[in-house]
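Trainee: Structure incoming, see below.
The values are calculated or read from the model by the stated rules, or taken from the named source; none is laboratory data. Since the model is a prediction, treat every value here as computed from it, not as a measurement. Cβ sites come from the backbone with ideal geometry, for glycine too, and all protein chains shown count toward neighbours.
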Amino acid sequence: MNNMMINGEFVNEANGAIVLKSPSIRYGIMVFDATNVYYNTEKNTHMVFRITDHVNRLFYSCEQIGLKLRFSKDEVLIQASNLLKNSEFSDTVGLRFFVYYNQEDSFITNNYADLAIYILDISKMRAQESIKLFISDYQKSENGMLPVQVKSTAHYAYSRIAVMKAQRLGYDEVVFLNQQGHVTECSRSNLFIIKNGEVITPTLSSCVLDGITRKSIITLCLELNIPVSEKVLTRYDLYSSNAIFTTGSSLGITPVSEIDSVPFTDEKAKGIFTKIKNAYVECCKGERNQEWLMIIPKN
């Protein structure tokens with residue numbers, strides 16, 4: 001199956017392993033990005049959601065930690081297009097980009113990094129109907145050495161620890177507070193609350209990834225005439241909200257059924273969430289905001 005490319009060449013997935021002596025394995029020097037690809041059965045085309053934004057963020061992440069790519073942004077987009085044209089998938093799939101070193105090298109190497117693009121079967125990763133959220137006792141540092149806007153695998157180690165603890169307590173996901181007690185984000189997604197008819201998300205200065213789906217939701221709220229803002233939020237705001245939902249490239253938009261065992265039952269807020277989610281689904285299907293999709297015909 002033609003589901004993986006490394007440095008612009010098709011490879012068998014079995015040959016996609018990383019050399020153990022690589023600084024990416026030894027020191028975690030690796031960045032990635034991810035989006036979803038939706039399949040149009042009638043037109044036999046793939047529709048990639050905001051791929052240009054994802055590639056731009058991939059390059060930003062590379063620049064921030066000193067990973068040097070041998071390809072331009074346009075060349076990366078062409079590689080992704082060629083991969084999808086020749087894939088055997090006819091369903092919604094994930095498109096993943098990884099930049100890493102696939103050879104033994106030094107900690108401070110200036111050699112070119114490798115680029116892997118692959119298609120991921122996400123049929124078993126579909127979003128849950130709703131999730132139970134736990135406010136983690138692990139804090140997110142605003143002054144961490146690794147910028148929050150960098151999509152690095154290194155960011156996810158502490159998130160894994162926090163989620164494992166939450167799941168042992170019967171929850172599905174966590175939300176982190178920063179050192180000032182302000183709400184940041186979840187382990188792999190941004191967070192929105194609905195309160196008194198307004199949709200609110202934490203400010204980027206609270207130590208929040210400027211998520212691409214997050215930006216899409218803000219735009220959709222404006223188009224739908226739903227009040228939306230970015231504010232500094234506290235634990236109290238979470239408990240006193242009428243609804244909460246999470247957003248991310250892989251799992252889309254997911255409602256929160258309860259937080260710290262406090263359930264959400266406000267029907268008006270649920271109606272606002274449904275309106276937003278329906279608009280987002282329409283975008284993924286190419287029924288609105290078509291400029292967000294790259295259309296790729298299958299061979």
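Trainee: I'd like the full set of residues that are touching a strand residue (DSSP E or B) at 6+ places or on another chain (Cβ under 8 Å) and more than 15 Å from residue 248 (Cα to Cα), limited to segment 173-192. Let's see the steps before the verdict.
Mentor: Start the filter on segment 173-192 by keeping residues that are touching a strand residue (DSSP E or B) at 6+ places or on another chain (Cβ under 8 Å), which leaves 173-179, 181-192.
176, 177, 178, 179, 181, 182, 183 - these are the residues of segment 173-192 that are touching a strand residue (DSSP E or B) at 6+ places or on another chain (Cβ under 8 Å) and more than 15 Å from residue 248 (Cα to Cα).
Trainee: Six or more apart or on different chains, Cβ under 6 Å: which pairs go from a residue in segment 181-208 that's of a type in the set (Phe, Trp, Tyr) to one that's buried (at least 22 other Cβ atoms within 10 Å of the Cβ) and in a helix (DSSP H, G or I)? Could you list them?
Mentor: Between residues of segment 181-208 that are of a type in the set (Phe, Trp, Tyr) and residues that are buried (at least 22 other Cβ atoms within 10 Å of the Cβ) and in a helix (DSSP H, G or I), there is no close pair.
Trainee: Only residues that are of a type in the set (Gly, Ala, Ser) and in contact with a strand residue (DSSP E or B) (Cβ under 8 Å, 6 or more places away or on another chain): list them for segment 105-140, please. Don't jump to the end; show me each part of the working.
Mentor: Filtering segment 105-140 down to residues of a type in the set (Gly, Ala, Ser) leaves 106, 113, 116, 123, 127, 130, 136.
Hits for segment 105-140 are 113, 116, 127, 130, 136.
Trainee: So in segment 28-74, with the set limited to residues that are in contact (Cβ under 8 Å) with a residue 60 or more places away in the chain and loosely packed, with under 13 Cβ neighbours inside 10 Å, which one is nearest to residue 123 (Cα to Cα)? Talk me through it step by step, then tell me what you get.
Mentor: Filtering segment 28-74 down to residues in contact (Cβ under 8 Å) with a residue 60 or more places away in the chain leaves 28-38, 40, 43-54, 57-58, 60-61, 64-65, 70-71.
With loosely packed, with under 13 Cβ neighbours inside 10 Å added as a condition, the list becomes 43-44, 70.
Details: 43: 21, 44: 19, 70: 33 Å.
Step by step, filter segment 28-74, then rank; the result is 44.
Trainee: A follow-up question, please. Just checking, which of 185, 198, 142 is charged (D, E, K, R), surrounded by fewer than 20 Cβ atoms within 10 Å (Cβ to Cβ) and modelled with pLDDT of 95 or more? Before you say what the answer is, go through the steps one by one.
Mentor: Values: 185 fails: surrounded by fewer than 20 Cβ atoms within 10 Å (Cβ to Cβ); 142 fails: modelled with pLDDT of 95 or more.
Only one candidate passes the filter, namely 198.
Trainee: Could you count how many residues in segment 226-283 are surrounded by fewer than 20 Cβ atoms within 10 Å (Cβ to Cβ), more than 16 Å from residue 132 (Cα to Cα) and of a type in the set (A, V, I, L, M, F, W, C)?
Mentor: Looking only at that region, the number is 4.
Trainee: List every residue pair whose Cβ atoms sit under 8 Å apart, with the two residues 6 or more apart in sequence or on different chains, where the first one lies in segment 151-164 and is in contact (Cβ under 8 Å) with a residue 24 or more places away in the chain and the second, anywhere, is assigned to a helix (DSSP H, G or I) and surrounded by 19 or more Cβ atoms within 10 Å (Cβ to Cβ).
Mentor: 151/57; 151/58; 151/61; 152/61
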